[in-house]
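The values are calculated or read from the model by the stated rules, or taken from the named source; none is laboratory data. In this text the structure is predicted, and so the values were computed from the model without any measurement. Cβ placement follows ideal geometry from the backbone for every residue including glycine, while neighbour counts extend to all protein chains displayed. Side chains are part of the model used for accessible areas, which takes the heavy atoms of the whole protein and leaves out ligands, DNA and RNA. Shrake-Rupley method; radii C 1.70, N 1.55, O 1.52, S 1.80 Å.
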Amino acid sequence: MNDILLKKVKALISIRVVFITLLLGSFFLLQVGYRSFPYPRATSNLIVALYFLTIIYAFLLDRIKAYFTFAYFQIFMDVAAINVLIYLTGGIESWFSFIMLLTVMSANAVLNRKAGYVIATFSSILYGVMIDLQYYKLLPIKYDPALNEKDFLYNIFVHIAAFYMMAFLSGYLSSRLEKTTRDLEQTDSDLKELSLFNRELIENIPSGIFTTGIDGRILIFNKAAEDITGITREKASNLKITAIFPFINPPIPPLPKGGEGGLERIEGVIGQQTGDGRIINLTISPRVDVTGVKIGFIGIFQDITRLKKMEMDIKHKEKWAAIGELSANIAHEIRNPLASLKGAIEMLREDRAAKEQKERLTEIALKEMDRLNGIITDFLMYSTPRAAEFTALDLNLVLDDTLELLKNTASARKDISITKDFAGPLFVNADRQKMQQVFLNLGMNALEAMPDGGELSVSTKRSSRSFEVVFKDTGIGISQKNLEKIFYPFFTTKDEGTGLGLAIAYRIIEEHKGKINVISNLGEGAAFKVIIPDSSASL
Ligand code: ADP
């Protein structure tokens, strides 16, 4: 604040010097060329005295710290000096009264609005008193005898009015100017802060950031970008983006029409030649200026080498864990029938059993062998299924065959009813045998889920892009805990189950690009929905 005032006081002194110089020059010219003032010598002395006063002011500037009072003092002195000048140059007839307006103006510019009015008042009093004294001839200045009392009064009135008007106008203007300056300074500092914040943000962000010109040459390259690529920004600034990220292909993604979008995610490797390859995940998008013109590209990237390695480790571990679990399940499934087979054979070897018992034991042995064979067949079907043979077929017909088989199975049970509700022909491209396998597995599960009887309803529906087949039963239902496991191989809740039925169904439906969902609650039955995409719809 004080600095600004000091600057203003300096300006005041400098302007005064210029002004006095002009005055002095013009005074000599006037004296020589046109007319002489009543007191030419005293006038020129006054101007010279003012000169010296100004030099003293300049000299005192470094010593005086109270700039405000100092400036006030100078302006008061100016008003007094100008009044003397007016007096010396003819009083009412002097040409120099206008200079007082400049002092009012400078009071406003250097000090404040109040000072403007104070100086206007001081100027009015001094000028008014002097002109009055001249009129009453108390001051020895001659004036044109044609001037009467009214002229004097009018002159004083005009001057006083001009002083106050100048105080008001210049006060208003300088306060506006001050406000605008303050606003500008604020905006300027806000802008500086914002740009500092932006720069800090870009520098400290842990992702690599770069911008390029339209030719792909690097403009901005932040700290993280240096760390990830191992290239300093000085070096990078001479390079094209494709030299740093050779995997950007085509060299630079084409600019989208219309300016929006154009975001492209690319994964690639850098530093392969130097032997420390890093996997980079890079998102690149066009850089557009405020007018919407494309001016380059902006990219943000991360080193995902560790992440990728971790991902691979996890996948590897998961694979082995799955294989381990599967092997344990197979071993468990095989061990049970093997144990009963072994028991039966041991008893047969002892040869103590009666003929009837021998027959029963042989039966058990054969049944367990069949069961073993069944498990292995099912497992092979699951693990190495034969390739599907796709043919156009009507799902309704496949379902009819399945229902026939199910009805035969359930015929011994009077407590089970099977109903169907089919929509018109459902032509799909599918493997007939495999689809039948799916429906049979679902149907058998439904029957097995209703030990105390119930209803199995099979319905089909077609929607715009797919076909749906629903097997709904009123059986024991599935607990929420088991729901997520029922499609796992070997997951079973049945004593005689293998836990492969749904796993096989799932694989087959996956092979047909379809989905299989289940909705169920314990004790409330279950509904399995098979969705097969309509291959003709996607063409
Ligand atoms: P499995 O029939 O040999 O047990 P699945 O893979 O066909 O093997 O079925 C796995 C498990 O899913 C079953 O043991 C059973 O708990 C459950 N499940 C399947 N379908 C149904 C159903 N309709 N109602 C109740 N539970 C079912």
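Report the relative contact order of the chain, percent, no decimals, based on alpha-carbon pairs under 8 angstrom and at least 6 residues apart. List each step's numbers first, then the result.
Numbers: 700 pairs, mean separation 36.5, N = 539.
Value for the chain: 7 percent.
Would you mind working out the accessible area per residue for segment 378-456, using a 1.4 Å probe, and quoting it in Å²? Intermediate values should be presented prior to the final figure.
Numbers: 4090 Å² over 79 residues.
That works out to 52 Å² for each residue.
For Phe122, Phe152, what's the largest-to-smallest order of accessible area, 1.4 Å probe?
The residues order as Phe122, Phe152, largest area first.
Which peptide among 97-106, 201-210 comes first, and what is the full order, when sorted by highest mean count of other Cβ atoms within 10 Å?
97-106, 201-210
Which residue, Phe221, Leu397, Ile55, has the largest displacement toward the positive end of the dipole of the chain when charges sit on each Cβ (Lys, Arg +1; Asp, Glu -1)?
Most positive-ward Cα: Ile55.
Counting Lys and Arg as +1 and Asp and Glu as -1, each charge on the Cβ, what is the dipole of the chain about the Cα centre in debye, to the nearest 20? Kindly include the intermediate steps, with their values, before the conclusion.
Numbers: 61 positive and 60 negative charges, 434 e Å.
The calculation lands at about 2080 debye.
Say the dipole of segment 365-418 comes from +1 at the beta carbon of Lys and Arg and -1 at that of Asp and Glu; which of Ala388, Leu366, Ala410 then lies farthest toward its positive end?
Leu366
Among the lysines, which fall within straight-line cross-link reach of Lys235, defined as a Cα-Cα distance under 22 Å, with same-chain neighbours fewer than 8 residues apart omitted?
Within the straight-line cut-off, Lys235 pairs with Lys223.
Can you give the Rg and Dmax of segment 299-387 based on its C-alpha atoms, in angstrom?
23.4, 86
With the dipole of segment 1-147 worked out from charges on the C-beta (+1 for Lys and Arg, -1 for Asp and Glu) around the Cα centre, which of Ala146, Phe73, Ile119 lies farthest toward the positive end?
Highest projection toward the positive end goes to Phe73.
Given C-alpha coordinates of the chain, what is the ratio Rg to Rh with the Kirkwood estimate of Rh? Before the final figure, lay out the partial values.
Values: Rg = 52.2 Å, Rh = 35.4 Å.
Computed over Cα atoms, the ratio is 1.48.
Tell me, what ³J(HN,Hα) does each residue in segment 370-382 have, in order and in whole Hz, if you take phi through Karplus 6.51 cos²θ - 1.76 cosθ + 1.60 with θ = phi - 60° and put x for Gly and Pro?
Working through the residues one at a time gives 4, 4, 4, 4, x, 4, 5, 4, 4, 5, 5, 4, 6 Hz.
How far, in degrees from 0 to 90, does helix 2-33 lean away from the longest principal axis of the Cα atoms of the chain, to the nearest 10?
Value to nearest ten degrees: 40.
If you place +1 on the Cβ of every Lys and Arg and -1 on the Cβ of every Asp and Glu, how big does the dipole about the Cα centre of segment 414-462 come out, in debye to the nearest 20? Don't jump to the answer; show the numbers that get you there.
Numbers: 6 positive and 6 negative charges, 70 e Å.
It works out to roughly 340 debye.
Given the C-alpha centroids of segment 284-349 and segment 164-187, what is the distance between them in whole angstrom?
Going from one Cα centre to the other spans 73 Å.
With axes computed from alpha carbons, what is the tilt in degrees of helix 149-204 against the longest principal axis of the chain, rounded to the nearest 10 within 0 to 90?
The answer is roughly 30 degrees.
Find the centroid of the Cα atoms in segment 391-415 and in segment 464-499, then give the distance between the two in whole Å.
19
Roughly how much of Arg176 is accessible, in Å² to the nearest 10, using a 1.4 Å probe?
Near enough 120 Å² of accessible area.
Evaluate the Kirkwood expression for the hydrodynamic radius of segment 430-539, namely the inverse of the mean inverse distance over all pairs of different C-alpha atoms, and round to one decimal in Å. It would help to have the intermediate numbers written out before the result.
Working: mean 1/r = 0.0696 Å⁻¹.
Kirkwood hydrodynamic radius for segment 430-539: 14.4 Å.
In the calculated pair distance distribution of segment 20-124, what percentage of Cα-Cα distances lie above 19 Å?
Values: 2593 of 5460 pairs.
It works out to 47 percent of all Cα pairs.
Just the C-alpha atoms of segment 75-122: what Rg/Rh do they give, with Rh taken as the Kirkwood radius? Before the final figure, lay out each step's value.
Working: Rg = 10.9 Å, Rh = 10.7 Å.
Answer for segment 75-122: 1.01.
Relative to the longest principal axis of the chain, what angle (0 to 90°, nearest 10) does the C-alpha long axis of helix 99-110 take?
Orientation of helix 99-110: about 30 degrees from the principal axis.
Please give every one of the aspartates and glutamates within straight-line cross-link reach of Lys294, meaning a C-alpha to C-alpha distance under 12 Å, and leave out same-chain neighbours fewer than 8 residues apart.
Reachable aspartates and glutamates: Asp215, Glu260.
Would you calculate a helix-derived [θ] at 222 nm for the chain, using -39,500 (n - 2.57) for each DSSP H run of n ≥ 4 and dividing by the full residue count, to the nearest 500? Write out the running numbers ahead of the final one.
Values: 16 runs with 308 residues, N = 539.
Calculated from helices alone, the mean residue ellipticity at 222 nm is -19500 deg cm²/dmol.
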